[in-house]
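What follows is one structure encoded as C-alpha cells, with my remarks underneath.
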Amino acid sequence: MGNTSPEPGPVSTPTQANAWLSGGRNPLIEKCTNEWQNSPQYHEATSFESNKTAFDAVTNTLKRICAMTKAPKFQRLVFVSIFATVVAIFYWQYFLSNYVAEEKEAWDTLNSEFGRNRGNVYGQNKRVQFPGMTQLSTLDAKYLPRTSRASLDSASKHRRLIFIGDIHGCMDELQALLAKVEYNQDQDHIVALGDMINKGPKSREVVEFLMEHGASAVRGNHDDRILLVAKTLTSTSLTAQAEAQEETNSGVETKAARKTRQERGVARSFSQKQLDWLNACPVILRIGDLGPLGEVVAVHGGLVPGIKLQDQDPMSVMNMRVIDLKTHMPSQQHAHEGSVPWAQFWNKYEKLIPAQRTFFGFVKPKPAIKHTTVVYGHDSKRGLQIDTYTKGLDTGCVNGTKLTAWVVGDMAKEEIVQVQCKEQRS
C-alpha cells in the first residue's frame with residue numbers, strides 16, 4: 001500500500017482569472033433588453049388603459065371608497081362622530097337651549113328699553129286690587145341683626161331672625177324646632193313664610209303661639225283659603241246656606257266635600273282676633289338690609305324678576321312655582337314646557353345686575369344696585385333649596401319629612417336648622 005494522491009480537478013488557467021479580474025466578463029443585467037415592449041400585446045394593453053371611460057373612473061372610485069369604509073380605523077372614526085353628534089343634540093335639546101333662553105330673558109329683563117317696548121310680558125298690565133288684603137309691609141328695623149363692625153361694638157342687642165317654612169298646623173314640631181335653635185324671645189324674631197295653618201292638627205294653636213310671641217308672617221295660599229272660608233261662613237246669603245245644606249244631606253262624601261268640611265272646621269276654630277291677625281299678614285314682607293345678603297324679602301310662593309314689589313300680582317306671589325321664559329307668566333305647576341323654576345330665574349337675574357349685560361356682551365355699568373334675596377316656602381316637592389339669592393324652606397313637615405328654619409344672625413351669619421316630623425295630614 002502506498003500513498004495515493006487526490007485526483008486533480010479542473011484548474012483555472014491564469015488566462016481566465018485575469019480576464020475576470022480585468023473586467024473582460026460583463027454583468028448579466030447588461031444582457032437584459034426591453035424588446036418585449038415592442039410586442040403587439042403590450043401596445044394593446046396600454047391602449048386599453050388610456051381609453052378608460054368616465055364610468056370606469058367612477059366605478060374605480062366607488063371601489064376605493066368601499067374598501068376604505070371597510071377599514072377598522074375608518075369605522076371607529078364614523079362611530080365616534082355619530083356618538084358625539086347624538087350627545088351634542090341631546091345636550092342642546094335638554095340643557096344648553098334652556099340655559100341660553102334663560103340667559104337671554106334675564107338680560108332682556110334688565111334692559112329697561114326692552115321692558116317698555118314689550119307689552120305682552122307679564123307685569124306690564126295693571127295689577128288687580130283685592131280689598132282687605134295687605135300687599136306689602138316692612139319689618140320694624142329693631143328686629144334686624146347687626147350688619148357692621150361699628151354696631152357690633154355698640155351697646156345694641158344681639159339679634160337673630162328665624163325664618164320658618166310651611167308649618168301647616170304642626171305645633172309640636174314648631175316647638176321642637178324653636179327649642180333646637182335655642183329660641184329667645186328677647187333677642188330673636190320669628191318670620192313664618194305662610195301656610196301656617198290647614199292640613200295639620202293644631203292650626204289654632206300655631207296661630208295663637210305666633211301671636212303671643214309677636215311673630216311676623218306672610219300670607220300663604222292656605223291661609224288665604226281659610227280666610228275666604230271664614231268669610232263665607234259669616235255670610236247669610238242663600239247660596240252659602242244651600243251649600244251647607246247640600247253637604248249635610250249628601251249620603252256619600254266626595255273628596256272635594258271632605259276638603260271643604262275640613263276647611264270649615266279649621267275656619268270655625270279661630271277667634272275673630274286670630275282671623276284678624278291672619279288677615280293682616282302681608283303678601284310680601286320687606287325685611288330690610290342684611291348686609292352681605294342685600295335687601296331680604298319674605299314671600300310664600302315667589303316673585304317675578306323685573307317687577308316692583310308693589311306691582312307684583314298677590315295671587316301669583318302666594319302660588320307660583322315656575323315662570324314662563326317668554327311671557328314671564330308665573331304658574332303654580334311644578335313644571336311645563338318653556339318654563340323654569342322662578343327661583344332659578346331670579347338667581348340668574350340677580351347675578352346679571354352688577355354688569356347690566358346685554359345678550360352679546362357688556363354695556364356701560366350702571367350705578368350699583370343692591371341685590372335682593374328672597375326667602376320663601378310653598379314648594380315642598382323640591383324641598384330645601386338654598387341658593388345665592390333665594391332660600392326655599394318648605395320641606396313638607398305635614399307630610400312626615402322635616403320642618404326647616406333659616407336663622408340669620410349678626411353680620412349675616414346663616415344657619416339651617418331642621419327637625420324630623422311625623423305625618424300630620426288629616
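As a summary of the residue check, residue 364 satisfies the conditions (1) among the basic types (Lys, Arg); (2) touching an Asp or Glu at 6+ places or on another chain (Cβ under 9 Å); (3) at pLDDT below 90 except for the one numbered (2). Among residues of segment 249-297 being surrounded by fewer than 17 Cβ atoms within 10 Å (Cβ to Cβ) and among the acidic types (Asp, Glu), the one that is farthest from residue 406 (Cα to Cα) is 253.
Under the condition of being part of a loop (DSSP other than H, G, I, E, B) and buried (at least 18 other Cβ atoms within 10 Å of the Cβ), which residue from segment 346-361 is modelled with the lowest pLDDT? Out of the qualifying residues, it is 357. Does residue 230 satisfy the condition of being modelled with pLDDT under 95, surrounded by 13 or more Cβ atoms within 10 Å (Cβ to Cβ) and among the hydrophobic types (A, V, I, L, M, F, W, C)? Criteria met by residue 230.
Would you call residue 104 more than 26 Å from residue 383 (Cα to Cα) and at pLDDT 60 or above?
Yes; evaluated as a whole, the condition is true for this residue.
Of all residues being in contact (Cβ under 8 Å) with a residue 40 or more places away in the chain and of a type in the set (S, T, N, Q) in segment 179-206, which is surrounded by the most Cβ atoms within 10 Å (Cβ to Cβ)? Just the residue, please. Filtering segment 179-206 for residues that are in contact (Cβ under 8 Å) with a residue 40 or more places away in the chain and of a type in the set (S, T, N, Q), the one surrounded by the most Cβ atoms within 10 Å (Cβ to Cβ) comes out as 203. Being at pLDDT 75 or above, part of a loop (DSSP other than H, G, I, E, B) and over 32 Å from the mean Cα position of the chain (by Cα) is a property that holds for residue 157.
Can residue 176 be described as of a type outside the set (Lys, Arg), at pLDDT 95 or above, surrounded by fewer than 20 Cβ atoms within 10 Å (Cβ to Cβ) and under 34 Å from the mean Cα position of the chain (by Cα)? So residue 176 fits the description; yes. Exactly one residue out of 67, 141 is at pLDDT 60 or above and over 30 Å from residue 215 (Cα atoms), and it is 67.
The values are calculated or read from the model by the stated rules, or taken from the named source; none is laboratory data. Model, not experiment: these values are computed from the prediction. Positions of Cβ are generated from backbone atoms using ideal geometry, with glycine treated the same way; all protein chains shown enter the neighbour counts.
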